[in-house]
Amino acid sequence: MAVTTAVSTKGMAWVPGGTFAMGSADFYPEERPVRPVAVDGFWIDRHPVTVAQFGRFVGETGYVTVAERPLDPADYPGADPATNFTKSDLLTLYPELATLHLKLPNL
């Protein structure tokens, strides 16, 4: 039996789906090849979401961000697995980084 959840779209805008060229032939090998990707339409908030709002969302849904999920080497063919780290990986390995108030780049 499928479970459906009513979702309010108040304050949101519909972004229609479409196809775009994803990837790059000019930079990192794992970005190759440039290929067409189809994306479904989706709803997006018209205004920025605060940290508090996002925290409530995570608490209510158990959502895990992409940055917190382990990387799958199959998603990065040709990349050196020893360099595939997420911010979460780095903070797990080096918890002291969290106290330095560094703005870590998106890895």
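Considering only region 30-48, I want to know if a residue exists there that is surrounded by 10 or more Cβ atoms within 10 Å (Cβ to Cβ) and touching a residue at least 40 places away in the same chain (Cβ under 8 Å).
Yes, because at least one residue in region 30-48 is surrounded by 10 or more Cβ atoms within 10 Å (Cβ to Cβ) and touching a residue at least 40 places away in the same chain (Cβ under 8 Å).
Looking at region 9-56, what strands (runs of 3 or more DSSP E) fall wholly within it and have at least 1 residues that are within 30 Å of Pro81 (Cβ to Cβ), at pLDDT 90 or above and charged (D, E, K, R)?
Numbers: elements: 12-15, 18-22, 35-39, 42-45.
Once the strands (runs of 3 or more DSSP E) in region 9-56 are filtered for at least 1 residues that are within 30 Å of Pro81 (Cβ to Cβ), at pLDDT 90 or above and charged (D, E, K, R), what remains is 35-39.
Taking region 59-78 only, how many residues are modelled with pLDDT under 90, in a helix (DSSP H, G or I) and farther than 14 Å from Asp89 by Cα?
3
For residues in region 84-105 being surrounded by 10 or more Cβ atoms within 10 Å (Cβ to Cβ) and more than 19 Å from Thr65 (Cα to Cα), which is modelled with the lowest pLDDT?
Looking at the filtered set, the residue picked out is Leu97.
The values are calculated or read from the model by the stated rules, or taken from the named source; none is laboratory data. Remember, it's a predicted structure, so these values are computed and weren't measured experimentally. As a convention, Cβ positions derive from the backbone with ideal geometry for all residues, glycine included, and neighbour counts pool all protein chains shown.
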